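Below: the structure, in structure tokens.
Any read-out appearing in this document is the output of simple, stated calculations on the displayed coordinates, not a laboratory observation. None of the values given here were measured: they were computed from a predicted structure. Cβ: placed from backbone, ideal geometry, glycine included. Neighbour counts: every protein chain shown.
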Amino acid sequence: MSIVRKRLTPEQSRTAALQAAREILIEAGPQAVTLKAVAGRIGRTHANLLHHFGSASGLQRELARTLAENVCTSIGAVVLKARAGESEPREIVDLTFDAFDKEGAGALASWMILTGNEDALNPIVETIHNLVDQLGEGHDDLPMHKDTLGLVLWAMGDALLGGALAKSLGLPRETARDMATEQLSASRASYGFANDQ
């Protein structure tokens, strides 16, 4: 008995592959995000994914871009709400920290660096930069770039080492998030962020 595969458009195939890659990333880590694993998960061939992404590195690069775009869209909406006084800095912190930890962006970025695929980080960096430029437009007095750098570095470090380090120091797991929230709140207060519309 032969297996009948549902025909997908090229865009549907790419979308299915990226969703499967994201699931594999969260379940098994970045080293498990291979063309073979993703192809098996969605019932496609290795050659089909090779056609869409060129290589495992290409797949990981596209996954990084997609993760960054999704997270930045969410963070951008929350930042705009915060400017209107409808959201708190902790919501921005939690979205950022969750992206690097629970969504696997920290592990994926580290894996790319360790395997020499640093160019694959460009989509993450460019997406974050574009968001900061967009949110900072007309608000040159706000420390958007510094706040973003600090928040991303805190989230990345926490995703990689935060749990183990907090435990060894006898601190609650949320300590880094609390510290990042305090810093973002202080920055917001010093620049009148809540009144900035």
Using DSSP H assignments, which helices in the chain have an axial alpha-carbon span of 24 Å or above and a mean Kyte-Doolittle hydropathy of -0.5 or higher? 10-28, 56-83
Mean separation of Cα contacts under 8 Å, 6 or more apart, over the residue count of region 8-54: relative contact order %: 36 percent
So I have (i) 64, 35, 34; (ii) 51, 40, 32; (iii) 67, 43, 30, and one of them is Cα extents along the principal axes in Å calculated from this model. Which one is it? (iii)
Charge dipole (debye, nearest 20) of the chain; +1 at Cβ of Lys and Arg, -1 at Cβ of Asp and Glu: 1180 debye
FRET efficiency estimate (nearest 0.05) - Cβ-Cβ, Ala47 to Ala164, R0 45 angstrom: 0.65
Go through Pro123, Met112, Ala84 and say which Cα lies farthest out towards the positive end of the charge dipole of region 57-195; charges sit on Cβ, +1 for Lys and Arg, -1 for Asp and Glu. Met112
Point-charge dipole on Cβ atoms (K/R +1, D/E -1) for region 3-66, about Cα centre, debye to 20: 200 debye
With contacts defined as alpha carbon pairs under 8 Å and 6 or more residues apart, what's the relative contact order of the chain in percent? 23 percent
Glu86 to Ala16: extension gain in nm, 0.36 nm per residue of separation minus the Cα-Cα distance? 21.7 nm
Is region 75-177 rounded, prolate or oblate when judged by the Cα gyration tensor, a ≥ b ≥ c being the square roots of its eigenvalues, rounded requiring a/c under 1.5 and prolate requiring a/b larger than b/c? oblate
At 0.36 nm per residue, minus the direct Cα-Cα distance, what do Thr9 and Glu137 gain on full extension? Give it in nm, one decimal, please. 42.3 nm
Lysine pairs in the chain with Cα atoms under 28 Å, if 8 or more residues apart or on separate chains: 6
